[in-house]
Amino acid sequence: MPPEDELPAEELLYGVHPVLEALTTRLRSVERLFVAREGTAGPAGRLLRLARRAGIPVSHVPRQVLARRLGRRAVHQGIAAAVTPVPYADPETLCAKAAAAPDGTVLLLDRVTDPRNLGAILRTAAAAGASGVLLGEGSVGLTPAALKTSAGVGARLPVAREPRPGARLEALRRAGFRCLALDPRGELAWDAADLTGKLALVIGGEGPGVRPGLATRVEHRVAVPLAAGVDSLNVSVSVGVILFEAVRQRRAIERAGGGW
């Protein structure tokens with residue numbers, strides 16, 4: 001057991017909802033729960049009961065120890081847990097399951113480096129019913145900050161590392177996916193794109209966007225038009241616009257009982 005004024009060097013998950021998600025779904029193995037002595041926000045009692053029922057040790061530590069270990073800006077709510085790494089999905093399995101669904105939707109992230117943006121994208125993708133997320137080269141992984149922002153959804157939505165994003169796009173195209181890239185300079189407006197059926201959406205990083213080598217492998221580059229004087233949207237907001245336009249189009253087809 002670590003001293004009460006120290007936290008372990010392994011990965012720490014923090015915040016009430018991500019830790020509760022880990023304890024209830026058991027998609028991650030919680031090794032130890034750390035609770036601030038000065039009190040916590042949220043359903044701390046339930047967390048403690050779950051931990052003790054599962055035989056997980058609980059340590060009470062000074063709140064400043066949590067702040068020092070997690071960073072002053074981390075919204076930990078007086079709760080942290082030492083956890084095993086999130087198991088990444090197998091990209092082949094993820095894409096095969098998406099291909100088996102009539103409206104399977106795969107997101108391919110290219111150089112998305114901010115964990116908070118990743119977490120917000122995961123939460124939005126799960127809410128829109130996406131099949132899973134592929135993390136291309138240069139994209140941040142499932143860090144505690146990303147999982148915190150996703151409100152725990154990041155541990156349930158299939159997320160896979162994709163070492164060969166270009167080849168993956170070609171394989172998805174052969175499997176019947178419409179491959180599009182989200183690009184503020186794209187030639188096709190978000191509400192003019194056919195987003196029905198199987199969809200693979202490429203999302204570029206916060207600054208550089210989709211790299212040219214991937215942009216040449218998609219059918220269209222789709223833009224969200226902005227008012228004058230606004231240069232860009234946060235990448236997770238743009239993803240939400242596109243994904244829920246896809247949801248709208250698909251529901252419209254279901255109501256009409258026809259095709260696009």
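Values for this structure:
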quantity	calculated
Any hit, region 90-107, residues being touching a Pro at 6+ places or on another chain (Cβ under 7 Å), crowded, with 23+ Cβ neighbours inside 10 Å and within 30 Å of ASP194 (Cα to Cα)	no
Test result for GLY257, out of contact with any Leu (no Cβ under 9 Å at 6 or more places or on another chain) and on the phi > 0 side of the Ramachandran plot	yes
THR93 being out of contact with any helix residue (DSSP H, G or I) (no Cβ under 9 Å at 6 or more places or on another chain), more than 26 Å from GLY207 (Cα to Cα) and of a type in the set (S, T, N, Q)	yes
Contacts under 7 angstrom Cβ, first residue in region 234-258 being assigned by TED's automatic domain parsing to the domain that holds LEU201 and within 21 Å of GLY209 (Cα to Cα), partner part of a helix (DSSP H, G or I) and among the small types (Gly, Ala, Ser), 6 or more apart	SER236/ALA120; LEU243/ALA125
Of residues in region 181-201 being without any contact (Cβ under 8 Å) to a residue 60 or more places away in the chain and part of a strand (DSSP E or B), the one nearest to ARG111 (Cα to Cα)	ALA181
Matching residues in region 249-258 - criterion: being assigned to a helix (DSSP H, G or I) and either under 20 Å from LEU226 (Cβ atoms) or of a type outside the set (Lys, Arg) (or both)	GLN249, ALA252, ILE253, GLU254, ALA256
LEU33 under 30 Å from PRO158 (Cβ atoms) and touching a helix residue (DSSP H, G or I) at 6+ places or on another chain (Cβ under 7 Å)	yes
Scope region 49-79; condition in a helix (DSSP H, G or I), touching a residue at least 12 places away in the same chain (Cβ under 8 Å) and within 27 Å of the chain's Cα centre (by Cα); matching residues	LEU50, ALA51, LEU66, ARG69, LEU70
Residues satisfying the stated conditions in region 109-119, i.e. surrounded by fewer than 22 Cβ atoms within 10 Å (Cβ to Cβ), farther than 14 Å from VAL202 by Cα, touching a residue at least 60 places away in the same chain (Cβ under 8 Å) and of a type outside the set (Asp, Glu)	THR113
Qualifying positions in region 169-180 - part of a strand (DSSP E or B) and of a type in the set (A, V, I, L, M, F, W, C)	CYS179, LEU180
Count of region 185-208 residues which are under 14 Å from LEU243 (Cα atoms) and charged (D, E, K, R)	3
ALA125 being buried (at least 22 other Cβ atoms within 10 Å of the Cβ) and assigned to a helix (DSSP H, G or I)	yes
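The values are calculated or read from the model by the stated rules, or taken from the named source; none is laboratory data. What you see is a predicted model; the values in this text were computed from it and never measured. All Cβ positions, even for glycine, are placed from backbone atoms using ideal geometry, and neighbour counts span all protein chains on display.
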